[in-house]
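Novice: Sending over a structure as structure tokens; questions will come in a sec.
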Amino acid sequence: MLIDDVKGALAALKTEMQEDRRIKSGADLNVGDIVYQNMDRSDGLVLNKGYDDRLKYFVIVGKNSKGDAIGLCLINSDLDFYRNVPAMQRFQYILKAEDYKGVLTKDSRLDCAQLFPMKAKKSVAVRAEHVGHLTAEDEAKVLPLVASCGFINAHMRKVYRIGQK
């Protein structure tokens with residue numbers, strides 16, 4: 001059955017919901033938040049197949065002391081990406097789709113082996129959306145995993161206060 005939306009009420013509601021989730025300042029970005037944002041090579045992404053940018057989900061795992069920059073880890077749907085790289089595979093954390101309804105359509109991995117630094121103003125400029133937050137259980141496991149990762153240098157962990165109370 002097709003719903004007739006002559007007055008555009010559904011489109012208006014969708015726009016309103018997106019606006020409510022919009023990142024408006026660095027204060028809107030907190031450790032454990034899940035953000036949906038357009039990213040490109042300048043953010044550190046490796047892009048192929050002719051893409052100049054991609055919409056990506058990521059989790060904020062750290063924030064600098066001024067609150068104007070974040071450290072993030074990307075969410076990827078390819079669970080087997082590091083299958084042949086055991087050292088990296090150790091730092092892949094599985095996020096269950098059932099725990100993140102409306103965000104994940106299938107189980108995905110949080111790549112805790114790579115930290116991407118980003119200025120908070122970038123998220124504001126590209127109209128990023130706050131789409132969720134890690135469950136308490138996942139947050140309690142992810143943050144120590146990132147803090148223990150030797151692929152992320154000590155200076156970056158210090159700048160983004162990762163593993164610090």
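The values are calculated or read from the model by the stated rules, or taken from the named source; none is laboratory data. Nothing here was measured: the structure is a model prediction, and the numbers come from that model. Note that we place each Cβ from the backbone using ideal geometry, even for glycine, and neighbour counts take in every protein chain shown. The protein model used for the area step is the full one, side chains on, heavy atoms only, and it has no ligands, DNA or RNA in it. Shrake-Rupley method; radii C 1.70, N 1.55, O 1.52, S 1.80 Å.
Novice: Condition (residue is surrounded by fewer than 18 Cβ atoms within 10 Å (Cβ to Cβ), out of contact with any Phe, Trp or Tyr (no Cβ under 9 Å at 6 or more places or on another chain) and not in a loop (DSSP other than H, G, I, E, B)) applied to the range 123-131: is it met by at least one residue?
Specialist: From the range 123-131, those surrounded by fewer than 18 Cβ atoms within 10 Å (Cβ to Cβ) are 124-127, 131; that's our starting set.
Still in the running and out of contact with any Phe, Trp or Tyr (no Cβ under 9 Å at 6 or more places or on another chain): 124-127.
Keeping just the survivors that are not in a loop (DSSP other than H, G, I, E, B) gives 124-125.
Looking through the range 123-131, at least one residue is surrounded by fewer than 18 Cβ atoms within 10 Å (Cβ to Cβ), out of contact with any Phe, Trp or Tyr (no Cβ under 9 Å at 6 or more places or on another chain) and not in a loop (DSSP other than H, G, I, E, B).
Novice: Where residues in the range 83-101 are open to solvent by less than 80 Å² (accessible area, probe 1.4 Å) and in a loop (DSSP other than H, G, I, E, B), which of them is nearest to residue 157 (Cα to Cα)?
Specialist: 91
Novice: Looking only at residues in the range 29-68 that are of a type in the set (A, V, I, L, M) and part of a loop (DSSP other than H, G, I, E, B), which one is surrounded by the most Cβ atoms within 10 Å (Cβ to Cβ)?
Specialist: Applying the first criterion (of a type in the set (A, V, I, L, M)) to the range 29-68 yields 29, 31, 34-35, 39, 45-47, 55, 59-61.
If we keep only those that are part of a loop (DSSP other than H, G, I, E, B) as well, we get 29, 31, 45-47.
On the way: 29: 22, 31: 20, 45: 15, 46: 5, 47: 13.
Here the residue is 29.
Novice: Next question. All but one of (1) over 16 Å from residue 37 (Cβ atoms); (2) assigned to a helix (DSSP H, G or I); (3) open to solvent by 70 Å² or more (accessible area, probe 1.4 Å) hold for residue 157, so report the exception by its number.
Specialist: (3)
Novice: From the residues in the range 1-28 that are in a loop (DSSP other than H, G, I, E, B) and open to solvent by less than 70 Å² (accessible area, probe 1.4 Å), which one is modelled with the lowest pLDDT? Lay out the reasoning, then the answer.
Specialist: So the first thing to find is which residues in the range 1-28 are in a loop (DSSP other than H, G, I, E, B), and the list is 1-8, 23-25.
When the remaining residues are screened for being open to solvent by less than 70 Å² (accessible area, probe 1.4 Å), the result is 5, 8, 23, 25.
On the way: 5: 65, 8: 71, 23: 90, 25: 89.
Looking at residues that are in a loop (DSSP other than H, G, I, E, B) and open to solvent by less than 70 Å² (accessible area, probe 1.4 Å), I get 5.
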